[in-house]
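Notes follow the structure.
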């Protein structure tokens with residue numbers, strides 16, 4: 001279900017469907033055109049045909065446009081690890097979770113490309129992305145511990161899983177071969193297994 005906001009102008013009521021999506025699209029366009037640093041919240045709101053007040057209902061600042069989905073992604077990964085079959089090894093549980101995330105992201109490839117280009121061009125955003133990935137790894141490790149995996153093994157497996165995801169994601173957003181993110185996650189995991197098996 002898309003979000004909608006009702007704003008009042010000159011005593012008139014105006015219905016504004018999908019405000020979050022409009023703001024996100026406007027922000028990505030402007031970040032691509034002007035750069036993240038040179039784009040203001042006022043410009044994003046104007047491009048989306050909304051007010052700054054509406055922007056701040058959805059995002060705390062202009063960085064959050066790029067990172068607001070991190071909590072949902074974390075929740076999805078943790079649930080998928082928890083729901084993996086009891087007989088699954090730790091890395092199999094993590095692989096299943098990563099593939100679930102890949103399926104969710106697959107239809108947002110162009111958005112992911114635009115987002116990644118903005119992040120890659122800004123040191124502060126790259127740092128924020130690394131913090132996000134570290135937070136995801138910690139959450140996955142916690143989910144593995146809940147499955148009975150001991151501390152260091154849980155952390156190591158989670159970190160390996162995030163590394164696999166990062167490599168697959170980069171191949172996916174930069175690729176032109178049309179591979180699905182899930183497929184690239186499987187391939188990256190197999191490459192990791194080959195490397196560790198010697």
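Calculate, in nm to one decimal, what residue 113 and residue 60 gain on full extension: separation in residues at 0.36 nm each, minus their alpha carbon distance. Numbers along the way, then the final one.
On the way: separation 53, 0.36 × 53 = 19.08 nm, distance 2.30 nm.
16.8 nm is the gain from fully extending residue 113 to residue 60.
Over the C-alpha trace of the stretch 123-198, radius of gyration and Dmax come out as 13.9, 40 angstrom. Considering the chain at the alpha-carbon level, its Rg and Dmax are found to be 19.3, 71 Å. Here the gap between residue 29 and residue 68, fully extended at 0.36 nm per residue and compared with their Cα-Cα distance, gives a gain of 12.3 nm. Normalised by the number of residues in the chain, the average gap of Cα pairs under 8 Å and 6 or more apart makes the relative contact order 18 percent. From helices alone, the chain scores -23000 deg cm²/dmol at 222 nm; the rule is -39500 (n - 2.57) for each run of n ≥ 4 DSSP H residues, then divide by the residue total. All C-alpha to C-alpha distances of the stretch 10-87, sorted into 10 Å bins beginning at zero, yield P(r) values of 17, 39, 21, 14, 7, 1, 0 percent in whole numbers.
Where a number appears in this text, it was derived from the coordinates with a stated rule and is not lab data. Predicted model, so just to flag it, every value in this text is computed and none were measured.
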